[in-house]
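Down below is the structure, laid out as structure tokens.
The values are calculated or read from the model by the stated rules, or taken from the named source; none is laboratory data. Predicted model, so just to flag it, every value in this text is computed and none were measured. Here Cβ is always computed from backbone atoms with ideal geometry, including for glycine, and neighbour counts include all displayed protein chains.
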Amino acid sequence: MSHTAVPAAGRRPGGDLRAGAASTGTLLVLLTGIFITTLDFFIVNVAIPDIQADLRAGATAIQWVVAGFGLALGSGLITGGRLGDLFGRRRVYALGLAAFTVASLACGLAPSPGTLIASRVVQGVAAALLMPQVLGIINGAFSGERRARAFTAYGLALGLGGVFGQLIGGALIEADLFGSGWRSIFLINVPVGLVTLAMIRRTVPPQPRATGTRLDVPGTVLVTLGLLALVLPLIEGRRLGWPAWTWTSLAASAVLLAAFALSQRRSSAPLVAPALFREASFRVGSCLALVYTLAMASFFLYLALYLQQGRGLTALESGLLFVSLGAGYFAASTRATAVAARLGRQVLALGAAVQALGCLLLLDAIGHPIGWLIPGLALAGAGMGLVLAPLSALVLSGVTDRHAAAAAGVLSTAQQVGNALGVALVGIVFYEALGTVPDAFKAALLPVMAFCGVTAVLAQFLPKR
């Protein structure tokens, strides 16, 4: 994607931009932020053995290196979206990216497991500030066909961050840049973040922010506690054997989130405007996003475990195999807008069906030479591209600009909760399956295919165009 200059008519004195003067540079800056935050969600998995050896970290500490990021991210997205509406999306995006860059440096220099865990939590909070602003700015700064292409690029960046996380992480660790080892997976964010921060004011146009309103503090507390109570047991439950507190926490989350929904109806300045859910595209689309991500994160995780533990591949070797999945994803993503223009909502059903077919081919390939996995991986990647690339546009198309970042926060939250819930549910199947790791992976593919089927059904309830 080449950089194009912002037209002179769009500039203000001092290098700032008028609202609406969005360019290719705008998209590059926004997608860089979304790519590195998504990448960090997945990349850490390949570094766990090296982190454990270097920092002499126990199993619990290592679990929190992974879980701390996801917990902070999942519980903070709705609040992050609302802060963008209130204080300006560009400003909150820059704040989130700056905090993420500093936290990445702290992760890369961490002398102990405790420091690394704390820095990962700060990374998650920063990502929760950053991510909703990207969708909100795209929705407000672009229009028509340019908006559709921008949403497609967003889906591409989101997917590639997940698909290539393992490959990039394995390659960085193998390269051992300046003797940094596993630390390079975090330190690489620092120059990327600094360059992107320097470009924000010149490329990202400011947008109108909500006036005459305030932050709904009771709503913020309720939704944050409710999401914490939901996501924490999903992350920790399986590893701990689902003790009583996990079920108590899940029950408490239902009460807290119900109280949050009631408070939003009564609030004069709600975090999430109840009117958002009157739009069928947003209401059904948020549910669809949650269900589909049940299949996404779990597929990546248990595929990686199968390749490394079941087939004996190194992190880099398994990452190279992910290239076939990434190739399918990239090819489908670049055509997804054109397909969506012809098929409307059915593009999501088609993508879910293609991914399910890819899983079927993978089932048949288990036990054969490693190359037999490539067709199934390519098809699964193509299915993901057909779903993720147009999903945000289909869900957010009816949302007014005033609520764009808050709506993006809800959508992102649905996806993050889906990630955690999918890993937990499919993990029950994977770890309870008798026999070898290949047998467990076969069992894990079945619920992934079921989630794809439910996604295709939910797509039928979206508006036709």
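Of note:
- Number of positions in the range 230-275 that are at pLDDT below 90 and closer than 23 Å to Val65 by Cα: 13
- Neighbours by Cβ (under 8 Å, 6+ apart or cross-chain): first from the range 212-235, among the polar types (S, T, N, Q); second in a helix (DSSP H, G or I): Thr213/Leu86; Thr220/Thr79; Thr220/Arg82; Thr224/Ser75; Thr224/Gly76; Thr224/Thr79
Rundown of residues vs (1) buried (at least 24 other Cβ atoms within 10 Å of the Cβ); (2) assigned to a helix (DSSP H, G or I); (3) free of Cβ contacts under 8 Å to residues at least 24 places away in the same chain, yes/no style:
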site: Ala378; (1), (2), (3): no, yes, no
site: Leu388; (1), (2), (3): yes, yes, no
site: Gly435; (1), (2), (3): no, no, yes
site: Thr455; (1), (2), (3): yes, yes, no
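- Residue within the range 1-16 that is on the phi < 0 side of the Ramachandran plot and modelled with pLDDT of 85 or more present: no
- Flag if Val410 is surrounded by 22 or more Cβ atoms within 10 Å (Cβ to Cβ), more than 20 Å from Ala297 (Cβ to Cβ) and under 23 Å from the mean Cα position of the chain (by Cα): no
Let's see how each residue does on (1) free of Cβ contacts under 8 Å to residues at least 12 places away in the same chain; (2) aliphatic (A, V, I, L, M); (3) surrounded by 17 or more Cβ atoms within 10 Å (Cβ to Cβ); (4) closer than 30 Å to Leu262 by Cα:
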site	(1), (2), (3), (4)
Gln133	no, no, yes, yes
Ala141	no, yes, yes, no
Phe151	no, no, yes, no
Trp182	no, no, yes, no
Gly193	no, no, yes, no
Arg202	no, no, no, no
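- Of the set (1) touching an Asp or Glu at 6+ places or on another chain (Cβ under 9 Å); (2) closer than 29 Å to Val410 by Cβ, all apply to Gln308 but (2).
- Pairs linking a residue in the range 24-42 that is in the same structural domain as Phe299 (by TED's automatic domain parsing) to a residue that is in a helix (DSSP H, G or I) and of a type in the set (Gly, Ala, Ser), with Cβ atoms under 7 Å and 6 or more positions apart or on different chains, do not occur.
- Condition met for Thr115 (modelled with pLDDT of 85 or more, of a type in the set (Ser, Thr, Tyr) and either assigned to a helix (DSSP H, G or I) or surrounded by fewer than 20 Cβ atoms within 10 Å (Cβ to Cβ) (or both)): yes
- Residues being within 20 Å of the chain's Cα centre (by Cα) and either among the acidic types (Asp, Glu) or at negative phi (or both) are entirely absent from the range 360-376.
- Number of residues in the range 17-42 that are aliphatic (A, V, I, L, M) and either modelled with pLDDT of 90 or more or under 22 Å from the mean Cα position of the chain (by Cα) (or both) equals 8.
- Cβ-Cβ under 6 Å pairs, at least 6 apart or on other chains, the range 89-100 side in the same structural domain as Thr79 (by TED's automatic domain parsing) and under 17 Å from Arg402 (Cβ atoms), far side polar (S, T, N, Q) and buried (at least 24 other Cβ atoms within 10 Å of the Cβ): Arg89/Gln133; Val92/Gln133
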